[in-house]
Amino acid sequence: MRSIDIHAHVTPQSYIKAMKEGQVWHGVGPGPLDIEPQLEWTPEQRIKDMDSLGVDVQVASTGAQFYYYGGDAQVIAAMHRECNDEVYQMTIDHPDRFKGLAQIPMQNVDLAIAELDRCVNQLGMAGAMIDDKVNGKTFDEPEFLPLWKAAEQMGAVFLIHQGGGTLVAPRTRSYHLPNTIGNLVDRAVTFASFVMGGVMDACPDLKICLAHGGGYACYGVGRMDRSWDVGRLPQIPQPPSAYLSRFYYDCLTHSESALRMLIDMAGIDKVVFGTDWPFDMQIDWPVAWVLSLESLTQDEKEAILWKNMEKLLGMSSD
Amino acid sequence: MRSIDIHAHSTPQCFQRAVLSGNDWHGMTTADGELFNPRNAWTPEQRIADMNSLGVDIQVVSTNAGFYQYDKDVAVTTAIARDCNDEIYQMTMDYPDRLAGLANIPMQDASAAIAELDRAVNQLGMKGAMIGDQVNGKTFDEPEFLPIWQAAEQMGAVIFIHQGGSTIGTKRQPRYHVRNTIGNLADRAVTFAAFTFGGVMDKCPDLKVLLAHGGGYACFGIGRMDRGWQVRSEARVNIDQPPSNYLNKFYYDCLTHSEPALRMLIDTVGIERIVLGTDWPADMKIDWPVSWVMGLQSLTLEEKEAILWKNLEEMLGL
């Protein structure tokens, strides 16, 4: 039994050092360092925690606070190169324990493609983690199509993960709802944007993994289908539910019945292991949690914990 | 076998007479009232002929959400609400066996809202009121609304929650009908959370809140709200129990457009909390609602009867 976690975050050591020394880092700071203590850990400390949790491999992504899509593209491209070089070093120092997901400057599609190409083809990273939106634009905007085409050709995976304010924040900021509801609404809207914007038809081999179990996409797809049924989505040849199995989803639902529904609707081959390490909204003992789920078969648990990720990332199983 | 539909709309004839003859009606025009849908012009007699064809015995009629008009001067909104309510009252008088009513109330002013709810329920025999998910940006955990909930609780009035105006998600993704297919369901999840995390359900244990569209994403997304309650103090300021404990304090209509979603709702909140709601006559309605419920293979006959009429009969005292 192995386990490969696609949803685990990193804070660049170069950023931590700069903040502690009161320096500016790619236009950020100087300012206080306000991060989870685990995010200051060295890769070796991280591996000890992975050992304790039973996680064999983390596909590490620099945290969403480093998207900075609102910043100058050249400045942020340099920031992202430094983030990616650090994650690359982790994967070189501990090749059995870490794979990487890149940061790419989505505010400039040419620069984003260039950095994705460098990370995937030179640094051996799996793909990139990106937000649900770029300065208010959703991913059905034609300007992003060259990026999806390039990623499709590279075989790169996109992990979709919100950054900054979610859609719930303008309605309420109370009770942690911008996260607990907002993340899941953001993900449903991104599913809809990719599907209804025709991206999944234009890029049949594009690999997109929707974090947080794809949010509300699977549960809410019936209402999207109704919209197609009554002729409101003439641009796509099939109802939205037919596209559910075109995406990957992490298992971060915090609910067995929700995960069961996701498996039943998207297919067990589309659900992968994702924990949100090391944040408070993570799955605390993620391997134990998956193994304890009574409504999943042993085959389903193994598919989620490692088999699907090995296939998705082209990793060898021995 | 009977059937009672709590989610069925009307565009008042008094409004139509005014705007179609070139006048405004309390500041509203032909741009309002969903006149593009010919069924909204039907007389009560035509409505009943359609109900006969659909097998719906009783509609609990509410005006379309465009008649909320919460952003107007409270005197104007109150006049709109009174005209709407008087017309629905007349429908229920003319067809007491076929039609019951839900009121419009001016939510931007709690005293005025309570006064109109009292008139509608205690003088006109209406069953409660339909209201939006927000009032000029305010959610229902705001203390100014508490007197309305307490008054409704005392009257035994049902508060039917149904979005109006711009939903969550609309601003980011204005295309593909997402404002409706995702936005309605996101709005409802936030309203569930506002009532629950805001402590309203503890303060008003007998308040009857009915969440339209199957309560949106509340049931599927509850695991993440529970996790938020576990790890964040701001989620616990008003409630001593996790939000999932409150799911069975609400009522839900069956308008999920998905059998697995409805099945999950039943399993999560309890069959006694789910009622028939069709969204007649909008295009996003259930086309043949009684036939749809009767055709669901994962429901027992008892569950179908509970949804189609038994739960509403008990709740409304019909």
- Item | Scope region B:204-233; condition more than 30 Å from B:N180 (Cα to Cα) and at the interface with chain A (Cβ under 7 Å from one of its Cβ atoms); matching residues | B:V231, B:R232
- Message: Looking only at helices (runs of 4 or more DSSP H) that lie completely in region B:59-161, which have at least 3 residues being closer than 28 Å to B:D202 by Cβ and over 19 Å from the mean Cα position of the chain (by Cα)?
- Response: B:110-118
- Task: Would you check if A:R187 is more than 9 Å from every other protein chain (Cβ to nearest Cβ), surrounded by 24 or more Cβ atoms within 10 Å (Cβ to Cβ) and of a type in the set (D, E, K, R)?
- Result: yes
- Which of the following residues is more than 27 Å from A:N179 (Cβ to Cβ), within 12 Å of chain A (Cβ to nearest Cβ) and more than 19 Å from the chain's Cα centre (by Cα): B:R236, B:R263? B:R263
- Message: With the requirement that a residue be within 10 Å of another protein chain (Cβ to nearest Cβ), in contact (Cβ under 8 Å) with a residue 12 or more places away in the chain and small (G, A, S), what does region A:228-256 give you?
- Response: A:S241
- Query: Got a sec? Which of A:E86, A:E82, A:E115 is surrounded by 15 or more Cβ atoms within 10 Å (Cβ to Cβ), of a type in the set (D, E) and closer than 21 Å to A:A150 by Cα?
  - Reply: A:E115
- Task: Just need a number here: residues in region B:201-228 that are in a helix (DSSP H, G or I) and buried (at least 24 other Cβ atoms within 10 Å of the Cβ).
- Result: 8
- Message: Going residue by residue through region A:71-88, is there one that turns out to be at pLDDT 95 or above and part of a loop (DSSP other than H, G, I, E, B)?
- Response: yes
- Note on the structure: If we keep only residues of region A:89-101 that are among the hydrophobic types (A, V, I, L, M, F, W, C) and surrounded by 15 or more Cβ atoms within 10 Å (Cβ to Cβ), then the residue farthest from A:L53 (Cα to Cα) is A:L101
- Item | Inter-residue pairs, beta-carbon under 7 Å, first within 20 Å of A:T253 (Cα to Cα) and in region A:201-213, second hydrophobic (A, V, I, L, M, F, W, C) and assigned to a helix (DSSP H, G or I), 6+ apart | A:I208/A:F194; A:L210/A:F191; A:L210/A:A217; A:H212/A:L184; A:G213/A:A258; A:G213/A:L259; A:G213/A:L262
- Note on the structure: B:F197: passes all of (1) open to solvent by less than 40 Å² (accessible area, probe 1.4 Å); (2) farther than 29 Å from B:Q90 by Cβ; (3) out of contact with any Leu (no Cβ under 8 Å at 6 or more places or on another chain); (4) not aliphatic (A, V, I, L, M) but (3)
- Task: Could you tell me whether region B:149-170 includes any residue that is within 14 Å of chain A (Cβ to nearest Cβ), under 23 Å from B:A8 (Cα atoms) and open to solvent by 40 Å² or more (accessible area, probe 1.4 Å)?
- Result: yes
- The listed residue being within 18 Å of the chain's Cα centre (by Cα), more than 12 Å from chain A (Cβ to nearest Cβ), surrounded by fewer than 19 Cβ atoms within 10 Å (Cβ to Cβ) and touching a residue at least 24 places away in the same chain (Cβ under 8 Å), out of B:E272, B:E305, B:E314: B:E272
- Query: Could we say that A:P146 is of a type outside the set (G, A, S) and touching a residue at least 12 places away in the same chain (Cβ under 8 Å) here?
  - Reply: yes
- Residue within region A:126-147 that is within 25 Å of A:M281 (Cα to Cα), of a type in the set (K, R) and within 11 Å of another protein chain (Cβ to nearest Cβ) present: yes
- Just give me the residues in region A:260-295 being part of a loop (DSSP other than H, G, I, E, B), farther than 28 Å from A:P37 by Cα and open to solvent by 10 Å² or more (accessible area, probe 1.4 Å), in sequence order. A:G267, A:E294, A:S295
- Positions within region B:249-259 being within 13 Å of chain A (Cβ to nearest Cβ), touching a residue at least 12 places away in the same chain (Cβ under 8 Å) and open to solvent by 10 Å² or more (accessible area, probe 1.4 Å), in sequence order: B:T256, B:H257, B:E259
- Task: Taking A:N308 as meeting all but one of (1) within 14 Å of another protein chain (Cβ to nearest Cβ); (2) touching a residue at least 12 places away in the same chain (Cβ under 8 Å), write down the number of the exception.
- Result: (1)
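The values are calculated or read from the model by the stated rules, or taken from the named source; none is laboratory data. Note that the structure is a prediction, hence the values are computed from the model and not measured. For neighbour counting, all protein chains shown are included, and Cβ atoms are generated from backbone atoms with ideal geometry for every residue, glycine included. Ligands, DNA and RNA are excluded from the accessible area calculation, which covers all protein heavy atoms including side chains. Shrake-Rupley method; radii C 1.70, N 1.55, O 1.52, S 1.80 Å.
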